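Coordinate-derived values only; no laboratory data. These figures come from a predicted structure and were not determined experimentally. Here Cβ is always computed from backbone atoms with ideal geometry, including for glycine, and neighbour counts include all displayed protein chains.
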Amino acid sequence: MTSQKSAFPFAFAEKVLGNGLRIFVVPYDSPGLVAYYSVVRTGSRNEVEPGKSGFAHFFEHMMFRGTERYSTERYNAEIKAMGADSNAFTAEDMTVFHILAGKSALAKVVEIEADRFQNLKYDDASFQKEARAVLGEYNKGSSDPMQKMEEALYDHAFVAHSYKHTTIGFLRDIENMPHQFDYSRQFFDRYYRPDNVILLVVGDVTADAVVPLVEKAYGAWARGPARPPVPVEPPQMLEERITVPWKGASLPMLFVGYRTPAFSTKSLDGPALEVLGELLFAERSRLHKQLVLDEQKVETLEGSAGRHVDPNLFLVLARVKQSQDMATVESTIDKEIARIAAQGVDEKTLGEVLSHARYAFAAQLSTPDHVALVGAEFLALDGRLSAIDEYFARLAQVTSADVQRVARTYFTPRNRTVVTLQPEAP
Amino acid sequence: MLLSIALAAAGVLASRRPAAASPSQRAAALPRGPRTVKLPSPDNPLVAIRLLFQIGAADDPAGKDGMAALTAAMLGSAGTQRRSWAEVLDALYPMAAEIQTYGDKDALVFEGTVHRDNLAAFAELLAEQILTPRFADEDFTRHRQDAMDFISKTLRGNDDEDLGKQALAALMFKGHPYGHPTAGTVAGLQTITLADVRRFYASMFTQDRLIVGVAGGYPDGFPESFAARFSALPARGKPQRKVPPAPAHGGEVLIVEKDARANAVSIGHPLDITRVDDDFYSLFLAGSYLGEHRTFNGQLMVELRQKRGLNYGDYAYVENFIQDGGTTFPLTNITRRQQHFEIWLRPLAPKTTAFAIRGALFELDKLVREGIPAEGFQATREFLLHYVDLWAQDPSRRLGYAIDALIYGKDIIAELKARLPSMTKVQVDRAIRKHLDPRRLTIAIVSDDAKALRAELLSGKPTPITYDTQDTPAEVLAQDKSIAGFPLPITASRIKIVPAGVMFEK
C-alpha cells in the first residue's frame, strides 16, 4: 500500500503464482476501462548470441501470429470485437504487450493473452512474412538520421554488452531473420515463461476480479530453462568519436553518450544524473538560453539519463544550425558541465528541479493506460511497483554535492562516445 | 513497435498527458467575450486549458505561406511584454507545465495541462502570451529560421513519411488555400517580416475566432473569469476566408526524388463531406474497415502486411488525421472545412512499390464496386462502438473533442454512438459509392530512383511480386496475379518528378 504523498499514489495488490508469474492490480478511477499489460523482462539486452540482434523485437511481432485455438485472424477478430486499443513495444530491457479495453472484456483478454503466451504456434510461411514486416519497420526509420546515429553510438560505446546494438538490430541480422525459424522457437521457450513475465492490470478492476481469472488461465504455465547470461561491459577507457555521413538535407547533429550506472533504488547516482540532466538541458537551463535562445546556434538541445537494467548511456543531442558551429556547441556544453561540477547548484534551483519532477510524474498518471506504461517500466527494471516510490524518495534526497559528484564521475571525455552527423547537401 | 532508445525514453522528468473524469459539457458565449467550453471534473487534480483560434494556413496571405503558423509560434513560444521567453520558461518550469502550440489549415491551438495547485499561475502566463505578445526581434529570427530549417532540412531530408504526406496534400489541394504546408514554404517564410506578423495578429486574433476551453478540477468561476480576459482582444476581425471546393487533380502522380532505402507512398482525393454531413459517419465506418490507424485489422493491413510482408503498416482515413503524441488516436482541434480521403502505405522496398500501390488500389476498387462485406460491416460497427470510448480519456482530449463538436455542430463520438447501432450496410455502401472515387485519386511517392519507378508505373505491363520468403499460400499467389496487372489510372503527362531539394521552396 502507498500513501497519498507517494509518487505513485495508488493502492495496489500483488500476487505471485506458484509458477513464478507475478500479477499487480491497480484499481484506478476510469469507469468501464481496463489496461492489461504483459511485461516480458526480455529486450534487446538479451540478444547475446551473434547474428541474433533485433530478435526480441521480431518476436514481439511473432506474438501476433496465432495459436491453435486463436489463429491470427481469430485473435484479431476478438480484439476488434472488444473495440480495444492493442499493440506492443520492445526496448532494451523489456517487451511489453498492452490492451486497453472495456471492463466487460476482461475475462476474454485474460483468456487470449494467456493462450498466446503459452501456446504460440506459427508456420514458417507466416514467420518469414513477419520478418519482412520487421524489415519494413527498419525501412520506415531509415530516412531519420537518428536511426543511423543511434546505431553508430551504441556500436562504438559498447564492446561486450548487448547494448552494443539498437533494439531493432543490425540491418544484416534483420535481413537474415527469415532463416531463423528454429531459433525463434528456442527464443519463445527461453523467455516467454511465467518467471520472466509480470502482469499489470490498471483500471476499473479489483484484485478479487482479476486474480482468479489469471490463476485459472496461467496456472499451468511451466517455468523456463536457465537463460544465458548477459556479458558484462568493461569500463570505457578512451573517448570514441565517429562521424556519420548523410546523403541529402539535414541539420548537422551532435550526439553524445556518457556511460552511466545501472538502475538502482539504492544508489543516489541515477537520481542525481536525472537532476543533472535537468540542470544542463531543460528548456530553462543556462545552456538552452545561451545556445538556443541567445546565440541561436542550436535548434534543439536535449539531454537525459535513461533507466536500464545494466549500465547504459546518458544521451545528449544538439541539432545545430550551421556545421561550423559544431565545435563551439560541444565546447559550450563541456564548459557548463565543468561549471556545475565545480560550483554545484543552489538550493532554490534544486528545489525547482524536484518540484518539476514531482508535477511531471503526476501528470504521467492521467489515464489507466499511462499508469500501466509507467508501472511497466519499473516492473521490467526491478520487478516491484514499490520501486517507483523508492526511486522518488532517492530523488528527493539528491543534494548539490551529489550532482557535483556524478558530474565529475561520469561526464569525462574518456567515458563518452561522440557521434556527429554531417549532411552532404547544404 | 520500438520504444525510442533516445531521449524520449528518459522518463521521470519528461512530461506527459493528464487525467480523466466524467464531465458535463456546456458551450456558451459569455455576454461579452469568446465562446467557452467547460468540462468540470472536480475530483481531478489536473486542469486542461485549450485556446482555439479559427485561423490557419488557409488564411496565409498570398506569397506569405507560413504566416499563421509563424504568428502562432510568436505567441505560444515567445516572450510577452512583461517577460522574455526565457523568463516565461523559467516560470513554467517548477510547475512542469508547457504551452503547446500547433496549427493546421483552419485552426491554431494553444493548450496546456497543469496540476490545479498551479492553475492560477499557468493561466496568467497563457493569457499574457496571447494578449500581450512581445514580438521581439530575437524570437522572430529564431522562429522564422526554425520554420525554414524544418522545411528545407528536416522535412526534405529526415522524414520520408511526412514528406510523402505533405507532397500528397500539395498535390490534392494544388491551387487551393490548403495547398501548402502549414509551416509554410521557404520563399513564403523569407518574405514575412515582424511587421507582417504584428499586422496578422492584430487583424486575425479576435474574439469571434476564439474558443476558450477548460476541463478538469478547476475552481468555481475559473472558466468564466479566464475567458473574460480575452475580451481584451478585438471583438471582430477580418471575416474567415472562404474555402472553395478542392480542384480536380485525379490521376496525377508526384514522385519526390531523394536518397532513400524505401519508398513512402500516400494516396488520396478530396472529399465533399465533413463531420457536419450524415454520410460522413457511414464513410467513417468504411474507412475504419479499410484501414483503421495503427490497428492490425484493417483490410489493407491484412492484405499487404500480414499476408505479404510488404511493409510495416497500411491505413486509410476519411478526414485529416495526425496522431496525438504517444497515443493511437487522432489529434483533436485540427478541424477542417474541406476534408479528404487518404491511404497511407508505410515505406516499401523499391522492387515491391508498384505492386503495393496496385494492391491498395485493388482493395479500394473492390470496396467501391462490391461494397463492404457483410461480416466486415458488422465487425467494424461493433469495433467502433467500443473504440470511441477510448478516444477521450483525459481532460485535455475530452476538451479537444468538445471544442471540435462546437465547431462542427456535431460531436463525432456522440454521433457514432448514436448512429452505429442503426447504421446499415446499405447506407455504408451508398456513402462509399458516392464519395470514394478511384478515378479522382492522386498519388505521392518518395523514391530514390524516380525515373525507374516512373517507367515501371507507365509501362502498361504487370508488376508481379517475387517473394524472397518461402511458402506463400496458393490463394495469395493467385490473387497476386490479379493485383500485378490491376490497371493504374496513370498517364505519362500526369507523372511529375520533383527533387526533394526544391519541395516546398515556393
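Calculated translational diffusion coefficient of the protein assembly as shown (10 °C, 1.306 mPa s; Stokes-Einstein with Kirkwood radius over alpha-carbon pairs) equals 55 µm²/s.
Report the extension gain between A:ASP29 and A:GLU240 in nm, rounded to one decimal, defined as 0.36 nm multiplied by the number of residues separating them, less their alpha carbon distance.
On the way: separation 211, 0.36 × 211 = 75.96 nm, distance 4.96 nm.
This chain segment gains 71.0 nm when fully extended.
Relative contact order, whole percent, for the range A:1-66 stands at 16, derived from Cα pairs under 8 Å and 6 or more residues apart.
Relative to the longest principal axis of the Cα atoms of chain A, helix A:269-281 runs at roughly 60 degrees. For chain B, the residue among B:ASN297, B:GLN54, B:SER493 whose Cα projects farthest onto the positive side of the dipole built from Cβ charges is B:SER493. Taking a span of 27 Å or more along the helix axis (Cα atoms) and a mean Kyte-Doolittle hydropathy of at least -0.5 as the rule, the DSSP H helices of chain B that qualify are B:350-370. The range B:394-416 and the range A:363-377 have Cα centres separated by 24 Å. In this rough spin-label picture, where each label sits 7 Å from Cα along the Cβ direction, the B:ASP208-B:ARG494 distance is 4.1 nm.
Per residue, the Cα convex hull of the range A:240-423 amounts to 133 Å³. Taking other residues whose beta carbon is less than 12 angstrom from the beta carbon of B:LEU52, and scoring Lys, Arg as +1 and Asp, Glu as -1, yields -1. Of the DSSP beta bridges with both residues in chain B, give the percent that are antiparallel, rounding to the nearest 5. Around 70 percent antiparallel, to the nearest 5. Projecting the Cα atoms of B:GLY112, B:LEU406, B:GLY287 onto the charge dipole of chain B (Cβ charges, centred on the Cα centre) puts B:LEU406 farthest toward the positive pole. Normalised by the number of residues in the range B:253-501, the mean separation of alpha-carbon contacts (under 8 Å, six or more apart) gives a relative contact order of 35 percent.
Evaluate the relative contact order of chain A (contact order divided by residue number), counting alpha-carbon pairs under 8 angstrom at least 6 apart; express in whole percent.
The normalised contact order for chain A reaches 23 percent.
Residues of the range B:281-301 with amide nitrogen under 11 Å from the 7 Å Cα-to-Cβ point of B:MET1? Label zone hits: B:294-296. In chain A, the longest principal axis of the Cα atoms and the axis of helix A:347-364 are about 30 degrees apart.
Note on chain B: helix-only mean residue ellipticity at 222 nm, from DSSP H runs of 4+ residues weighted -39500 (n - 2.57) and normalised by residue number, equals -11000 deg cm²/dmol. A simple spin-label model places pseudo-atoms 7 Å from Cα toward Cβ; at A:GLU73 and A:ALA13 they are separated by 3.9 nm. The lysines within cross-link reach of A:LYS129, meaning a Cα-to-Cα straight distance under 17 Å and a gap of 8 or more places when in the same chain, are A:LYS121, A:LYS140, B:LYS307, B:LYS351.
Note down the net charge around A:PRO31, summing +1 for each Lys or Arg and -1 for each Asp or Glu among other residues with Cβ under 14 Å from its Cβ.
-3
Taking the Cα centre of the protein assembly as shown as origin and assigning +1 to Lys and Arg Cβ atoms and -1 to Asp and Glu Cβ atoms, the resulting dipole is close to 1500 debye. In a reduced charge model with +1 at each Lys and Arg Cβ and -1 at each Asp and Glu Cβ, chain B shows a dipole moment near 1120 debye about its Cα centre.
Over chain A, dividing the summed -39,500 (n - 2.57) contributions of all DSSP H runs of at least 4 residues by the number of residues returns a 222 nm mean residue ellipticity of -13500 deg cm²/dmol. The B:LYS174 and B:ALA195 beta-carbon pair, evaluated with R₀ = 30 Å, returns a calculated FRET efficiency of approximately 0.50. Count Lys and Arg as plus one, Asp and Glu as minus one, and take only other residues whose Cβ is under 12 Å from that of A:HIS308; the net charge is then -3.
About its Cα centre, the dipole of the range B:253-501 is roughly 560 debye, where the only charges are +1 on Lys and Arg Cβ and -1 on Asp and Glu Cβ. Here r is the Cβ-Cβ distance between B:GLN479 and B:GLU505 and R0 is 41 Å; the resulting FRET efficiency, rounded to 0.05, is 0.45. When the charge dipole of the protein assembly as shown is built from unit charges on Cβ atoms (+1 for Lys and Arg, -1 for Asp and Glu) and taken about the Cα centre, the candidate among A:VAL345, B:TRP85, B:VAL37 whose Cα reaches farthest toward its positive end is B:VAL37. The modelled label-to-label distance between B:GLU224 and A:GLU347, using points 7 Å beyond Cα along the C-beta direction, is 4.3 nm.
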